[in-house]
Structure formats: C-alpha cells, structure tokens
Amino acid sequence: MWKKKPSGCYNRKKAKESAQKNASVIAKIPKLINYFTIQGATKTIWFKITINKTNLWCLTLFISLVSDDPALWTTNEDTINHVIEHGFQQNLQNSQFPESKRIIPGTSSRFRYLSLSLFQRTLLNGELGNREYLSYSVTTGSVYCVPCRLFGNQVPIAQEGWSDWKHPERVTDHENTNDHKNCVLTMIERNRKKGKIDSELIASLEFEKKYWRNVLTRVVAIVVSLTSRGLPMRGHNECFRSLHNGNFMRELELIAQFDPFLSKHIAQYRNSGRGKVSYLSSTTYYEVIHIMKNKIMKTIINEVKNAKYFSIVVDSTPDISHTDQLSLIYRYVLNGIPVERFIQFIPNTGHKSKEIADAVLKAIHEHGLDIKNCRGQSYDNASNMSGKYSGLQARIKEVSPLAEYAPCSAHSLNLVGQCAADSSQESTAFFCLMQNIYVFFSSSTSRWTTFISHTSTNITLKRKSDTRWSARYDMCFSLLKNWDSIITSLINIRDSTSEKAITKNEAKGLFLHLNKLETAILVLFWGDVLERFNLINKKLQSISIDLITVSNLYSSLINYVKQLRSTSMFEQYEKKALLLSNVKKYDENRKKKRKLAHDETRKNEIVQDSRTKFRVNTYIEIVDRLTSELKKRKIAYDEINNNFGFLFNLTKLNSVELTNCADLLHKKYTNDLPSSFANECIHFKGYLISKLKTESMTILEMQQFIIENKVQEVFTYIEIATRMFLSIPASNCSAERSFSALKRIKNYLRSKLNEELLNDYAILHIEAELVKTIEFDEVIDKFASTKTRKKCI
C-alpha cells in the first residue's frame, strides 16, 4: 500500500476564494479512476478533505495500485501486506459470471459457466460454509485461491486460475491438500500479526482439525487397549456390522453405542471403500502402532544412554511358523531400580555363537549404544551361549572385556533338579510313574470322573513339565494330597467288569508301582525338596535380585539339602511313608548274584538289605547329587561377587580390609572408578554409621539409600559401583517371558505376521507400562507430520 499524488490531483490553498476550482477537482476524480483502471490499478480510490494550519482546504487523494482482480496481481510483499490489511474481494456482484463462459468439448454451441455454489461447501455436520479463500477474476473468467497465490503455492488454481466447471470436486481436493492449508495458516498468522483475523476461515479450519483429532483420539485409545493385551486387531474383513470384522472394529462399534460423535462418524463413513478418508481402516492403526513403537523405543534407548551402563539378555525359540526368534533384552538401572526392557525379536540368526554375536552387536550399534559400556550378559547354559572359549559370552567379552557373564540362576537351578532326578533309576522311575498316572486318568473322561468321585479335595492331578520345575512340585503335591483317592480309583478300575482288559491291566500295573514304601518315601522327600526349590526359583526370577542374593540363596539350599542326608531325616521320611501307604516293608527284588572269579569266594561278601540298598543307592545318591550340583553352579556367581561383595558388608570391615577390597575393584574398572575410590568407601562407611545403618545392606538398598538421601554428588563413585553391579542380570527370565508374549501375538491365526509388525506388537504388549505414559496428542501430532494428509489434523 502506498499513496501517490498524481498530476490529476490538485491542492488548492485558497479554498474559500476558489470553491469552484475545488469543485472542478472533485469532478475530475472519475477520470482518474478510469485512467488507473486502464493501467491495471484499483477501481477503489478514496480521498479526504482536511483543513491545514492555515485553515485552507487540502484535498489528498489515496490511490492503491493493488487491483481487486487477482489475475492482475504481482505477487510481492507490498501486495501481501495490502491484502492482509484491507482484505480482498471475491467479485460476486454479477452472479451470472458472463466472463466465465467455457465451451463444452466436442460441441460448438454449448457452454458452461461458473456457478455461485462453488463459493460454498457442505461441512461434516451438514452446515453450509463459505469458501472465503476464492476470488473471481473478471479479466480471465477464472477462479483463484488467494492464500495460495499470495504465498507461493505453484498450483494452477493459484497461478493461472481454475475454470474446469465440469469438475467442482477438484476445488475440494485442493482445499484438503497440506500445501493449501499451510498457505491458509500462514495468511491467518499474518492476519493475527496485523490484528485482523478472518474468523470464519479460522473457525472452519479449527472445526475440521478438532473433528479429525477426536476421531484419531478414539483410534489411538483402542490401539493401546488391544496391543497392551496382545490381542489381534484385524478380522476376516473390515466391514462394519460384520461378525468377522476383528477386535478393532468391534471396539469401535461398542464405543459408538455410547458415543454420539463416533456413532455419527461411523454412520457417515462406514464401509466407504478405498480413496475415502475415515481414519478407521487398518492402514491408519498400523501407522499408529508403528509410531507408538518408535516412541517407546526412543524412550528405552534414551534411558539406557542416561544410565550409561547396561547388560544384555539373549535367548531364542522357534515361533509358530518355525522361524527362530532371538529375543534381545537390555538391563540397566533407572532411578536406583534395575529394569529390564524388551527391545526386539531378531529372526533367523542361526545357532552358532558367531552368528548370534554378529546379530546382537549389530542391533546394539543400530541403537546408538557403546558396547564398551556393557557390564553384564546372561544366557541359558547351552554351550553355544555359555562356552568359555567360543561361546556367545566369550565373543562379547572380546569386544567388551568388562561384560561379566552370569548364567541364568533360575535355569541353573532347574538343571540341578534335573541332574538329581536322573541320578538313580528309582528316582527316574518315580517321575515317570507320576506322569503315567496323570496320563491314565486324563486321557479318558470316565476314568477322570472315577477319580473325581473319590477325591475330597479341590486339588487335581498335574502333568510333568521338562522346563518348569514348579510343575513337578505341583505334581508331587497333588499326588500326596490325593494318595488314597488315586489308590481307590485304581482298585475300582482294576476290578471293574465294564472296563477293557488293557485298561484294567494298566490300572493294575500303576497300582503295584504306586503302592510301595519306596514310592511313598520319594513322594514325601521330593515334595519337600521341590517346595524349597520352587520358592527359591520364583525369587530368582525377580528383576530386582542381585548376584549376592543369588549366591546366598544357593548357599541356603546347600545347607538345607545337607541336613536331609542324615539318618534321622531318612527315618522321619520312613515313618511318614508308613502312615501314608500302609505298606510295612520294602519291595524285595530278586537278588542278583555277582559272577565270581576262579580264585574268589563269597565268604566276606556284604549283602545289603532292601532298606539299606534304597537308602544308599537312591536317597543318599539324590542328596549328594543335589549338593554337588548346587556347589558347582554357585561358583559362577561367587567369581563376580568377589569384586563387589565387600559393599554388602561395608560397615563390618575395618579400614585396611575395606581399602584392599576397594583397590581391587578400582584395578578392574580403572576407567570407571578413580584411585581415590577406597577413600570414598571409608567415608561412606562413616556416613552409614552416622545414619545408624550398621546392619548389612543389599546393593539395591544401598543404591536407593544414596538416592533417597540425595548424596550422589558426595559419594559419586559408590553410586557408580553399585549401579554397575545392579546392571548385571541374574537370570534371563525376561527373555523367557517375551516368548510367552510371542506365542500370544503370533499364533496359528496370525502365522504370516511379518517381522516389523511382530516387533511393533511385541514391544507395545511387553512394555505396556510405558505405553500408558504416552500422550495421545503426541501420537496424533506425529501421525499428522509423517506425511501429507488429506484432512487437517
């Protein structure tokens, strides 16, 4: 906008003396208007008459060189400022629009004209809204989008004008593009700065934005609900009101029964097909799932980087499609508490240690983590994982020497029980007998009914599991509680006249093996042992457990099993077995005679009776095997605890002992702990005493004590040492738990699930607690910014 005093504009200082001349000036204004119209200037010319200091008339003429015709605009900052300040004309005075005449292709006498209805649109709620951004050009007979013309959108409707009156829907397509919306928003922001806001335009955009964000809010909420529970989203089709449209659409229909907004949206966009935007299709929620997965991954990786020290937990299993899935878990300390986060499933890495190591190291590098900060690793006891020279743990140590390997304590305890159970023939036959009893009754509904009719407890028979030793405890416990019921049921089936001969014979064989004093002793013995093992195993599966606690629990089991070896304990089990089975003597097997050499006699040969033979060859053999295996498995944890164990008894060590232990830890972690670490340990000991913390503290309690008292800056390296130790995993149970999630997500109905979607579903399901912390608005904003959307979000 600029003002000019052209040659046709006169200034008369003596207005009183020359009123006629002033009148002639005013009379010449129409001529000026015609002049500037010819030159392409505005038709709007205004003037004002003021009285200056000398009380003379002063006529000032303001002329704008920005036309009302958008086709004549020269796009520059002056034009933009003029339109922002004074607005623009839509030029709808002549609703016939004669200049818009366009011949219909293929004809010579038929024409189309611009319709006034083009300047209106139907809103989502049925109301009519004006297209305030359109302007009609009289000179070209075309329609222009003013915001796009002003702010550089290189589309025909902005530069050359649009006159395809046959396809008015293309105007709708244009106004739904991101480029148009950005130009409108830019114009609105410029209006705000100038203090003049096009309220109808803003209201229209805000209404559309709010509408679609409300739709997406409901979509995100349903995605969170289903994925956090590992439920499938899709069904056989994506049609509303279908019985096979899947969980996602079923939840939409359920919510719509109580949500008028969603009900109206579904009614309007239901089964609209491809090309129609509704944001209710699988394409939309797959994008939302991927966005949420990326956000969770970003959160986890940032937490690992902030914690600095981390450990890896790795295990593999085949899925329903026979694809080997390698589960990768990161363990680190967050706010003084160790956490283990699932990262991803890596398919088909192979079973060789080199292949697994390459896959793990590649994943760590892709996540932007430094393998040098890895302080621990935990796998099962397979040779390709735990091998000291060429296993996975050895290959990781080649890259990161401080990555201590800790075998899975829960898996090791299972192996202890497995070795003990296989140590003698009687023990192996005992577990086979319990499994056979379960199979015998559970394989027939009539036999199961017979068993239920004789039992007075709610505890039914349990089956054996090769990996879950808690199941073996349940099996022993149920057999002990239902001993009389099983005996009675087997006798009834054996003596029944309606049963088949093979069934009666099988019942007779099970009864003969069960109704023995040796079997009763083993039921009582293994019941007690497996009860202790089961409770310890559950404790070992805790994420917060540390290796010192693991070592102490193993020691407690060793001491417990040693007490069972005494003759008095065997006699106690013998007395209980006599009461349980009502069998008074041991099974007398045929005595085997050893073949003698030609110069040997049987004069001093010792012959054991059945009781002594069972006690020595079965009972003591099992106890000794338990003890030796527990000691062997415990060594792996003691080697790591030798470095950090002094922290557990910090207040009980004298200054010299504390200094020696601290120096050893410093020598191992020279890049993490300074030479003054021993001095800090002595100071921290005094601080604990001053706080009356003279009792032994676990490393976890020590870490939390430092954080709660906010003394991290004083005892910085004590906090670092405890953080490193807590980052070392004691088991790989988190990886085993991820396999349970894998079976729920990739089942036989979803066996073709691709790897990207599998990992998206898995991380949202396994890390459901983190999913709850995601703000829906953040997901919607990311969804809107990932690519050009057809709707304003």
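The values are calculated or read from the model by the stated rules, or taken from the named source; none is laboratory data. Owing to the predicted nature of the structure, the values given are computational and were not obtained by experimental measurement. Note: ideal-geometry Cβ built from the backbone for every residue, glycine included; neighbour counts use all protein chains shown. The area values use the complete protein model at the heavy-atom level, side chains included, leaving out ligands, DNA and RNA. Shrake-Rupley method; radii C 1.70, N 1.55, O 1.52, S 1.80 Å.
Yes/no matrix, rows are residues, columns are (1) in a helix (DSSP H, G or I); (2) on the phi < 0 side of the Ramachandran plot; (3) open to solvent by less than 60 Å² (accessible area, probe 1.4 Å):
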site	(1), (2), (3)
694	no, yes, no
697	no, yes, yes
721	yes, yes, yes
739	yes, yes, yes
742	yes, yes, yes
749	yes, yes, no
757	yes, yes, yes
Within region 163-179, restricting to residues that are within 17 Å of residue 120 (Cβ to Cβ) and assigned to a helix (DSSP H, G or I), the one that is most open to solvent (accessible area, probe 1.4 Å) is 170
Of the residues in region 715-750, those that are modelled with pLDDT under 90 and aliphatic (A, V, I, L, M) come to 749
How many residues of region 153-162 are open to solvent by 40 Å² or more (accessible area, probe 1.4 Å) and either touching a residue at least 40 places away in the same chain (Cβ under 8 Å) or assigned to a helix (DSSP H, G or I) (or both)? The answer is 2
In the set 731, 727, the lone residue that is touching a Lys or Arg at 6+ places or on another chain (Cβ under 9 Å) and touching a residue at least 12 places away in the same chain (Cβ under 8 Å) is 727
Determine whether region 96-109 contains at least one residue that is modelled with pLDDT of 85 or more, small (Gly, Ala, Ser) and closer than 15 Å to residue 133 by Cα.
no
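Every residue, every condition in (1) touching a helix residue (DSSP H, G or I) at 6+ places or on another chain (Cβ under 6 Å); (2) among the charged types (D, E, K, R); (3) in contact (Cβ under 8 Å) with a residue 12 or more places away in the chain; (4) assigned to a loop (DSSP other than H, G, I, E, B), yes or no:
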{"position": "275", "(1), (2), (3), (4)": "no, no, no, yes"}
{"position": "280", "(1), (2), (3), (4)": "no, no, yes, yes"}
{"position": "313", "(1), (2), (3), (4)": "yes, no, yes, no"}
{"position": "321", "(1), (2), (3), (4)": "no, no, yes, yes"}
{"position": "332", "(1), (2), (3), (4)": "yes, no, yes, no"}
{"position": "340", "(1), (2), (3), (4)": "yes, yes, yes, no"}
{"position": "343", "(1), (2), (3), (4)": "no, no, yes, no"}
{"position": "346", "(1), (2), (3), (4)": "yes, no, yes, no"}
{"position": "349", "(1), (2), (3), (4)": "yes, no, yes, yes"}
Inside region 521-568, the number of residues satisfying the requirement of being under 40 Å from the mean Cα position of the chain (by Cα), small (Gly, Ala, Ser) and not in a loop (DSSP other than H, G, I, E, B) is 4
Counting only residues in region 317-332 that are touching a Ser or Thr at 6+ places or on another chain (Cβ under 7 Å) and surrounded by 23 or more Cβ atoms within 10 Å (Cβ to Cβ), the one nearest to residue 699 (Cα to Cα) is identified as 332
Apart from one, (1) farther than 21 Å from residue 169 by Cβ; (2) assigned to a loop (DSSP other than H, G, I, E, B); (3) touching a strand residue (DSSP E or B) at 6+ places or on another chain (Cβ under 9 Å); (4) of a type outside the set (S, T, N, Q) all hold for residue 138; the odd one out is (3)
Per the filter on region 673-692, residues open to solvent by less than 70 Å² (accessible area, probe 1.4 Å) and either of a type outside the set (D, E, K, R) or touching a residue at least 60 places away in the same chain (Cβ under 8 Å) (or both) are 673, 674, 676, 677, 678, 681, 682, 684, 686, 687, 688
(message) Taking the conditions exactly as written (open to solvent by 30 Å² or more (accessible area, probe 1.4 Å), at pLDDT below 90 and in contact with a strand residue (DSSP E or B) (Cβ under 6 Å, 6 or more places away or on another chain)), does residue 128 satisfy them or not?
(response) yes
Per the filter on region 754-793, residues of a type in the set (A, V, I, L, M) and at pLDDT below 90 are 784, 793
Over region 64-96, the set of residues in a loop (DSSP other than H, G, I, E, B) and among the aliphatic types (A, V, I, L, M) is 65, 66, 92
The condition of being in contact (Cβ under 8 Å) with a residue 60 or more places away in the chain and in contact with a helix residue (DSSP H, G or I) (Cβ under 6 Å, 6 or more places away or on another chain) holds, among 524, 517, only for 517
Selection over region 242-269 where residues are loosely packed, with under 15 Cβ neighbours inside 10 Å and either touching a strand residue (DSSP E or B) at 6+ places or on another chain (Cβ under 6 Å) or more than 22 Å from residue 749 (Cα to Cα) (or both) yields a count of 8
Per the filter on region 723-737, residues part of a helix (DSSP H, G or I), under 17 Å from residue 336 (Cβ atoms) and open to solvent by less than 10 Å² (accessible area, probe 1.4 Å) are 724, 725, 726
Scanning region 303-358 residue by residue, the ones that are of a type in the set (D, E, K, R), touching a strand residue (DSSP E or B) at 6+ places or on another chain (Cβ under 9 Å) and over 16 Å from residue 384 (Cβ atoms) total 6
